[in-house]
Amino acid sequence: MYKHLLVTVAYDEGHDASASLEVARTLADEGAQITLIHVMDPPPTFALSYLPEGWRSELQTAIEADLQGLAEGWDDSAVLVTEGAAAQQILEAADLHGVDCIVIASHRPGTQGLFLGSTATKVVSRAQCAVHVVRRK
């Protein structure tokens, strides 16, 4: 169905990317490209002086290695680690890389999600391509 899928991967507690990857495999055309993306939250300004030198590049390298492990088995794969507002970074990456489907996980929203909106909600409402939302348990 799709030639280039962007699969979001979060590293919050209890998150498992396997369901999103399974959906991506189901939706992908033969020989499709997959890009795995993780958006790092910027650290609070007050914490920067307490963090060791090089922490950000070490964290990014570790995340990239994990994403590459998740992408094993795909003939054409790429990984992308960015920092900033998650929805904005995901949408920009989709546009920049010519993605035709975004696969993003969502959880059942609580009160905070209803008032503030979730990353998945923002991506669904603003994406210029198809979006498949995978419900997290």
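Table for the structure above
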| item | result |
| --- | --- |
| Debye log10 I(q)/I(0) at q = 0.11 Å⁻¹ for segment 1-85, Cα point scatterers | -0.36 |
| Theoretical gain in end-to-end length, GLU13 to THR26 [0.36 nm per residue, Cα-Cα removed] | 2.1 nm |
| Derived scalar couplings ³J(HN,Hα) [segment 73-88; Karplus, 6.51 cos²θ - 1.76 cosθ + 1.60; whole Hz; x for Gly, Pro] | x, 8, 5, 10, 9, 8, 10, 9, 10, 10, 9, x, 6, 4, 4, 4 |
| 5 angstrom amide H check on VAL103, placed H, neighbours 5+ away | LEU6, VAL7, THR8, HIS132 |
| Segment 1-82: GluC sites (Glu not before Pro) in DSSP coil with no more than 16 other Cβ atoms inside 10 Å | GLU13, GLU53, GLU72 |
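A short reminder: the numbers here are calculations on the coordinates, not readings from a lab. The model shown is predicted, which means the values in this text are computed figures rather than measured ones. As a convention, Cβ positions derive from the backbone with ideal geometry for all residues, glycine included, and neighbour counts pool all protein chains shown.
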